[in-house]
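Structure record follows, encoded as structure tokens.
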Amino acid sequence: MVVTMHFRNPRLVHYFIRNFSLWSMKKDPYLESALSKNRRWIVNNQIKNIILRCPDQVATVRFIQKKFKTLDLQGKALNWLKKYPCCFQVYLQGDEYYCQLTKRMMGLVEEEESVKDMQEPVFVERLAKLLMMSSNKRLNVVKLNELKRNLGFPDDYLIRLVPKYSDMFQIVNYSGRRSSMEIELVSWNPDLAVSAIEASAHKQGTEPCFTCSLPSTWVKSWERFHEFNATPYISPYLDSKGLVEGSKEMEKRTVGLVHELLSLTLWRKASISKLGHFQREFVLPERLNVLLLKHPGIFYVSNKYQIYTVVLREGYNGQGLVDKDPLVVVKEKFGELMQEGLHEYNRRRHLVNLEKKKKKGMVLGRPNEGKDRSSEMSDPDDQGDRGGLFDPEERKRFYKVLFDDGAP
């Protein structure tokens, strides 16, 4: 049965266009795969931090279960933890299940802390660059905390960096409210006011400009990119007060600013929602998603896990990062440990299922059975996007019904 919808009210049409506009970017399987792997790492990293904060670094599985909602997970925590035996050691004591990190996992925790100590000068530069790009040279601490893991900052970065580098940063609170505490730049360093694009151009002896990471078959997108790139590059460290909102110059500056922000992150990506929280500080447009979608050669927008994420295309080669921060190298070891444990978990589960079938006298060996079973045993995050309007064909049918003249 086909349900036909007619929108005579222009405001309703505008509402649907606004809310579904992010679905128009063609999916990149390599970047989607990178985001999928990164998602599993994020969840287990948060579980790791929960355990490390517990007394004697041991948590009850019941306590971890209570945290599942904040981790955006469903199901039983015990089942999730058992999927990663190389990372988490689960044991039963009395009537209670407990969880602690394995020895190999603790080794990676110590290695990560060592790298963070060595990376302190890098953290200082990143923080200074963020403040130098902001309109008032200060950023709200609560908002900045939402991006601290993207930037690789340690949890105690305020205590660790601000007092030690008092010649560069200071904590201020001009309104007196606790939520209004800000980090302010004390002194401007011209050596740091150089964007990643400018640094690359200087190295190559060329004028600073953006690069496009699209197939040559995307003819129209390439034409729009060349037109956009033809105008002079505007540094995100320049004061934007002289630029007119909505002008091409302002768009150029905003694209450069988002490019620089993503260049400062570990994984060359960020939540669009979190970036939007800095609308006033970085003079970002209200509909940042629309701006990002205008530049598919520079940015990739994904709705993986129903979280809109912007990825810097040039930061990836296939599904791997081009330049890996030392912290990323350690975190990838964590990912390898996770995968090793997940593989062992799947192997054991497969053997148990085979044993059950043998006992029941079931006939084994259908050609596609092994493939189907391995799919069932894989991590839920590998199952891909859900159907409905997240399916490309469904989107086409939706737009056809909405506009009566086919998909846009």
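The values are calculated or read from the model by the stated rules, or taken from the named source; none is laboratory data. Predicted model, so just to flag it, every value in this text is computed and none were measured. All Cβ positions, even for glycine, are placed from backbone atoms using ideal geometry, and neighbour counts span all protein chains on display. Note: areas computed on protein heavy atoms with side chains; ligands, DNA, RNA excluded. Shrake-Rupley method; radii C 1.70, N 1.55, O 1.52, S 1.80 Å.
Tabulated data for the structure shown
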| read-out | value |
| --- | --- |
| Selection count, the stretch 143-178, where residues are out of contact with any Lys or Arg (no Cβ under 7 Å at 6 or more places or on another chain), in contact (Cβ under 8 Å) with a residue 12 or more places away in the chain and of a type in the set (Val, Ile, Thr) | 2 |
| Filter pass, Ser200 being among the polar types (S, T, N, Q), farther than 17 Å from Pro121 by Cα and surrounded by 11 or more Cβ atoms within 10 Å (Cβ to Cβ) | yes |
| Test: residue in the stretch 133-147 that is at pLDDT below 95, of a type outside the set (Lys, Arg), surrounded by fewer than 17 Cβ atoms within 10 Å (Cβ to Cβ) and over 19 Å from Glu281 (Cβ atoms) | no |
| Matching entry among Leu337, Leu291, Leu351 (being farther than 26 Å from Lys116 by Cβ, part of a helix (DSSP H, G or I) and at pLDDT 80 or above) | Leu291 |
| Residue check, Leu292 over 13 Å from the mean Cα position of the chain (by Cα), of a type in the set (A, V, I, L, M, F, W, C), over 30 Å from Cys86 (Cα atoms) and surrounded by 18 or more Cβ atoms within 10 Å (Cβ to Cβ) | yes |
| Residues (of a type in the set (Asp, Glu) and more than 18 Å from Glu336 (Cα to Cα)) located in the stretch 78-113 | Asp95, Glu96, Glu113 |
| Counted residues, the stretch 148-178 - those being assigned to a helix (DSSP H, G or I), open to solvent by less than 20 Å² (accessible area, probe 1.4 Å) and not aliphatic (A, V, I, L, M) | 1 |
| Failed item, numbered, when Asp56 is tested on (1) in contact with a strand residue (DSSP E or B) (Cβ under 9 Å, 6 or more places away or on another chain); (2) surrounded by 14 or more Cβ atoms within 10 Å (Cβ to Cβ) | (2) |
| Of all residues making up the stretch 303-339, the number that are closer than 17 Å to Thr265 by Cα and either of a type in the set (Gly, Ala, Ser) or open to solvent by less than 30 Å² (accessible area, probe 1.4 Å) (or both) | 13 |
| Residue count, the stretch 66-108 (criterion: crowded, with 17+ Cβ neighbours inside 10 Å, of a type outside the set (D, E, K, R) and in a helix (DSSP H, G or I)) | 5 |
| Of residues in the stretch 190-210 being out of contact with any Cys (no Cβ under 9 Å at 6 or more places or on another chain) and among the small types (Gly, Ala, Ser), the one farthest from Leu130 (Cα to Cα) | Gly205 |
| Top-ranked residue in the stretch 14-37 [being at pLDDT 50 or above and in contact with a strand residue (DSSP E or B) (Cβ under 8 Å, 6 or more places away or on another chain); ranked as farthest from Leu108 (Cα to Cα)] | Met25 |
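Quick grid of which residues meet (1) crowded, with 18+ Cβ neighbours inside 10 Å; (2) touching a Lys or Arg at 6+ places or on another chain (Cβ under 7 Å):
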| site | (1), (2) |
| --- | --- |
| Ser180 | no, no |
| Leu192 | no, yes |
| Phe228 | yes, no |
| Lys241 | no, no |
| Leu262 | yes, yes |
| Val283 | yes, no |
